[in-house]
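Worksheet: the structure to be examined is printed underneath.
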Amino acid sequence: MSGWAATLISAAALFGFTWGYAVIIRRVTGKLRLPLAVAYPVLLVTITAGASGTLAGMFTAENVPRQLLTGVAVFAALILALTVVGKPLGIKLSDMYGSALVERGEIVPQLIYLIVFVGLGEEIVFRGYFFGQFQTLTGSGIWAVGISSALFGLWHYPNGHSWIQVFAAALIGAFYATIMLNFKSCTVLSLALAHGLHDWLGVVLRYVTNSGRRTITVDPYNPEWAAEFEKIRSELSALLGETALAVEHVGSTAVEGLWAKPIIDIDVVISGGDFEKARALLAAGGYEHEGDLGIAGREAFGYADKPHLMQHHLYVCAEGAAELRRHLALRDYLRENADARERYGAIKREMAARHPHDIDAYIEGKGPVIAEIYEELGV
């Protein structure tokens, strides 16, 4: 078998196995963290590389401390480059690493995992095996940098389904390969350390950035939500009297079987001319008017101190208002349609996992599915 054929078969096996694994994980869990799949394709390609006699040439026992020191220098140079590039674009270093929640206890285990498994594994595959193979096959270091880096970028696509992420990963891969091409002291071991430290910096920055921030959680349906709504409804009815034509439980917590953020959404329905009266009564009960928050047809009210009630969002809507009709139609449709309920629940779980600290991104991510449901409803 020719060198090109063996290399391309290795690439096809790597991508087929990894992307197939990614599809399975995403379907089972509703999300994907690609490093969980690293060990499998790395093992596959390592076996291939070993069989072709190239693996032994990736490492040298000569001057290991120098190799490791070079890795630290490569890591520092990469961070400097990312900072310099990001500054004119208004992108902070912490913005480049996502928003996934990191617990304190994960920091040290992640350092070991990211250097030993992710860093070493990916560098064996891309800067060790593929870079070496393409340099031999093309006779050009430049072509080897380009092709191996493009593969490195594409391999990350299932992690976020983002071509921006692919491009960014390819650039970082090109940076690593170019350093290795031009500096003899930079080896696969050096790049494994630099790679692992770079990924670990993301873990540390996410921990620091997200400490103390509100985390978006989406929970399975809890029957207690209905009882909690009744407690709030009873208090609001006593407060508003006849001014409230109805107090409606809307939003996901009102739909049995639907995953939801554990926050009760409530629409108080009033006659069109009674808003000022309702506002005064709610103010007397500790609710402060916050405006329509950019959505016409509903008026939002917040509160500061109601520990006896479950967290809730309170809106006042005029009878017959379009936004009220949409809330009720969506609630009723999801209660009756299991397929729509499952679709909506799945996107909520995915967006909460992807954007655990960014409520705007969470809402935006759900938008297409909600729009589809509204189209089905004709509202």
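Just so you know, all these numbers are worked out from the coordinates, no wet-lab data involved. Values in this document were obtained by computation on a predicted structure and should not be read as measured data. Cβ: placed from backbone, ideal geometry, glycine included. Neighbour counts: every protein chain shown.
Tabulated data for the structure shown
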quantity: Subset of segment 334-351 [over 14 Å from ILE363 (Cβ atoms) and part of a helix (DSSP H, G or I)]; calculated: LEU334, ARG335, GLU336, ALA338, ASP339, ALA340, ARG341, GLU342, ARG343, GLY345, ALA346, ARG349
quantity: Residue ID - surrounded by the fewest Cβ atoms within 10 Å (Cβ to Cβ), chosen from residues in segment 328-348 that are over 20 Å from ASP267 (Cβ atoms) and out of contact with any helix residue (DSSP H, G or I) (no Cβ under 9 Å at 6 or more places or on another chain); calculated: ASP339
quantity: Residue match in segment 316-326 (condition: part of a loop (DSSP other than H, G, I, E, B), buried (at least 18 other Cβ atoms within 10 Å of the Cβ) and among the small types (Gly, Ala, Ser)); calculated: yes
quantity: Any hit, segment 259-267, residues being touching a helix residue (DSSP H, G or I) at 6+ places or on another chain (Cβ under 6 Å) and over 19 Å from MET310 (Cβ atoms); calculated: no
